[in-house]
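S.K.: Below is one structure. I have some questions about it.
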Amino acid sequence: MPDPQRIDVSRNKATNITNFCTANQIKIGSHLRARISEPDFATEVIEHVVQKALNQVPGAKDLVRTVAKLDGSKTEIERKFLNHITECFGTWFLEMKLGHQITEIEARTNPIRSAFARNKAKSCDIRSRDTSEIDRYVEIKDHSVDFERMRRSGLRGFPPATNLEKRKWLERKLKESFAKGANILLVRTSVWMRRNGQQSVEDSILDILGKHQRISANHVKIRVNFTVPAWFEATYLIKRTAHVKVTVEKA
């Protein structure tokens, strides 16, 4: 049975989103309208970005505007909307789970250039300050949205890819993050469906890794056949209810 207190909190957050958009003359499109009419976790993470915008965090208002404006039923529009929700989720995760402070969010008018970038034209998704007051550059990816079959089908849950496909995808995203100079890569993991129902949270988080070494309950290590920069901290595989830190080393 749904928690009535959580439903009330979500409704309050939905109201905050509506009020912010009204005050800033941001039109609410069909996708966001559907979310805030039936508040859920997406409502919570979008409202978190609204709070960043109210606190004048550069790029936050642009992200809210981008999420709000998407309208229509085309597959590519749905994919874009889900991708932006993941950016909001990443913002929420960094502050609520890792204790970071968001200092910038990428926008067309606010590129985030890392001093570590190999490609100086590339921009990271977020700049945050960690608990040691060190600036971190962060990339955010959604496995189920960014994966090739999602682009074709428009579905968020679909038959599992092979372990090799999933691991190759992760390694490509790691290399892209290195090129941008990101210290952290956040990966929202896929909604893999099995014949006997959905996987456990832990299984679905670790499903993308293939071979790995467990360090603790929520920390694992993987080895790759390419160089990992010394300034790269970790990948985090994230879901609403759990996350796993993934240390990456050269084999």
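The values are calculated or read from the model by the stated rules, or taken from the named source; none is laboratory data. What you are looking at is a predicted structure, and each value in this text was computed from that prediction instead of being measured. As a convention, Cβ positions derive from the backbone with ideal geometry for all residues, glycine included, and neighbour counts pool all protein chains shown.
S.K.: Criterion first (surrounded by fewer than 22 Cβ atoms within 10 Å (Cβ to Cβ) and free of Cβ contacts under 8 Å to residues at least 40 places away in the same chain) does Asn19 satisfy it?
M.R.: Yes, satisfied.
S.K.: So, in segment 149-178, how many residues would count as being at pLDDT below 85, of a type in the set (A, V, I, L, M) and in a helix (DSSP H, G or I)?
M.R.: Residues meeting the conditions: 2.
S.K.: What tally of residues in segment 207-251 results from selecting those that are touching a residue at least 60 places away in the same chain (Cβ under 8 Å), under 20 Å from Phe178 (Cβ atoms) and touching a helix residue (DSSP H, G or I) at 6+ places or on another chain (Cβ under 8 Å)?
M.R.: Counting residues in segment 207-251 that are touching a residue at least 60 places away in the same chain (Cβ under 8 Å), under 20 Å from Phe178 (Cβ atoms) and touching a helix residue (DSSP H, G or I) at 6+ places or on another chain (Cβ under 8 Å) gives 6.
S.K.: Then there's this: What number of residues within segment 89-107 are within 15 Å of the chain's Cα centre (by Cα) and surrounded by fewer than 17 Cβ atoms within 10 Å (Cβ to Cβ)?
M.R.: 3
S.K.: Checking the condition on the phi < 0 side of the Ramachandran plot, crowded, with 22+ Cβ neighbours inside 10 Å and at pLDDT 80 or above, which residue from Ile134, Ile112 passes?
M.R.: Ile112
S.K.: In addition: Taking segment 22-40, which residues are assigned to a helix (DSSP H, G or I), of a type outside the set (D, E, K, R) and surrounded by 16 or more Cβ atoms within 10 Å (Cβ to Cβ)?
M.R.: Correct list: His31, Leu32, Ile36.
S.K.: Scan segment 54-80 for residues that are of a type in the set (Gly, Ala, Ser), touching a helix residue (DSSP H, G or I) at 6+ places or on another chain (Cβ under 8 Å) and surrounded by 21 or more Cβ atoms within 10 Å (Cβ to Cβ) and jot them down.
M.R.: If the condition is that a residue be of a type in the set (Gly, Ala, Ser), touching a helix residue (DSSP H, G or I) at 6+ places or on another chain (Cβ under 8 Å) and surrounded by 21 or more Cβ atoms within 10 Å (Cβ to Cβ), then Ala60, Ala68 are the ones that fit.
S.K.: Something else now. Filter segment 197-227 down to residues that are among the aliphatic types (A, V, I, L, M) and buried (at least 17 other Cβ atoms within 10 Å of the Cβ) and give me whichever is modelled with the lowest pLDDT.
M.R.: Here the residue is Ile205.
S.K.: So, one more: Condition test on Thr86, is it in contact with a helix residue (DSSP H, G or I) (Cβ under 7 Å, 6 or more places away or on another chain), crowded, with 16+ Cβ neighbours inside 10 Å and modelled with pLDDT of 95 or more?
M.R.: For Thr86, the condition - in contact with a helix residue (DSSP H, G or I) (Cβ under 7 Å, 6 or more places away or on another chain), crowded, with 16+ Cβ neighbours inside 10 Å and modelled with pLDDT of 95 or more - is not met.
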